[in-house]
Amino acid sequence: MSWEPGHEFAPQCYAVRRSDLVRYAGASGDFNPIHWSDRVATSVGLPGVIAHGMYTLALVGRALTTWIGDPARVVTFGARFTKPVPVPDDDQGTTVEVAGVVKSVEDGEAAIELTVTNAGQKVLGVSRAVVRC
């Protein structure tokens with residue numbers, strides 16, 4: 001694996017379906033109805049049911065560990081939630097794509113800038129990670 005600045009990791013794409021939101025709600029205890037009820041979600045100005053922000057961030061962690069192989073090598077990662085991920089009520093759901101590029105390498109650690117998109121729009125901002133090389 002190249003740890004040179006500018007190295008681009010292969011984008012990782014993850015399907016997100018309503019059934020995933022149900023499982024995540026059970027695991028996390030976050031049963032906010034915006035994650036399962038179109039009626040409630042639209043009543044508060046959302047386009048419909050949306051994925052949990054922390055579920056979306058978990059997909060970033062999944063991409064990182066796919067790229068680097070060992071979750072123990074992740075020093076930090078985080079992002080700001082900037083746009084919701086609408087999840088249609090069908091069998092296809094939607095797709096979240098995570099891309100990453102090495103920005104710098106110093107003292108055995110690489111800073112990775114992450115781009116997280118859904119339907120061509122960035123859904124997480126200031127998305128970054130630091131991993132051990």
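The values are calculated or read from the model by the stated rules, or taken from the named source; none is laboratory data. Since this is a predicted model, take the numbers as computed values, not measurements. Here the Cβ is made from the backbone with ideal geometry for all residues, glycine too, and neighbour counts use every protein chain on show.
Descriptive notes on the structure:
- Within segment 118-133, not a single residue is buried (at least 17 other Cβ atoms within 10 Å of the Cβ) and over 30 Å from Glu4 (Cβ atoms).
- Scanning segment 91-117 for residues that are without any contact (Cβ under 8 Å) to a residue 60 or more places away in the chain and part of a strand (DSSP E or B) yields Glu106, Glu109, Ala111, Glu113, Leu114, Thr115, Thr117.
- Scan of segment 23-51 for residues that are assigned to a helix (DSSP H, G or I) and surrounded by 13 or more Cβ atoms within 10 Å (Cβ to Cβ), ordered by number: Tyr24, Ala25, Ser28, Pro33, Ile34, His35, Asp38, Val40, Ala41, Thr42
- Checked against the criterion of being within 19 Å of Gly120 (Cα to Cα), in contact with a strand residue (DSSP E or B) (Cβ under 8 Å, 6 or more places away or on another chain) and surrounded by 17 or more Cβ atoms within 10 Å (Cβ to Cβ), segment 69-77 contains not a single residue that satisfies it.
- No other residue among Pro88, Pro71 is touching a residue at least 24 places away in the same chain (Cβ under 8 Å) and within 29 Å of Ser19 (Cα to Cα) apart from Pro88.
- Test set (1) of a type in the set (Val, Ile, Thr); (2) touching a residue at least 24 places away in the same chain (Cβ under 8 Å); (3) farther than 23 Å from Val131 by Cβ - Val40 fails condition number: (2)
- Selection status of Ala72, of a type in the set (Gly, Ala, Ser), at pLDDT 95 or above, within 12 Å of the chain's Cα centre (by Cα) and not in a strand (DSSP E or B): no
- When Thr66 is tested against (1) hydroxyl-bearing (Ser, Thr, Tyr); (2) assigned to a strand (DSSP E or B); (3) within 25 Å of Arg23 (Cβ to Cβ), just one condition goes unmet, and that condition is (2).
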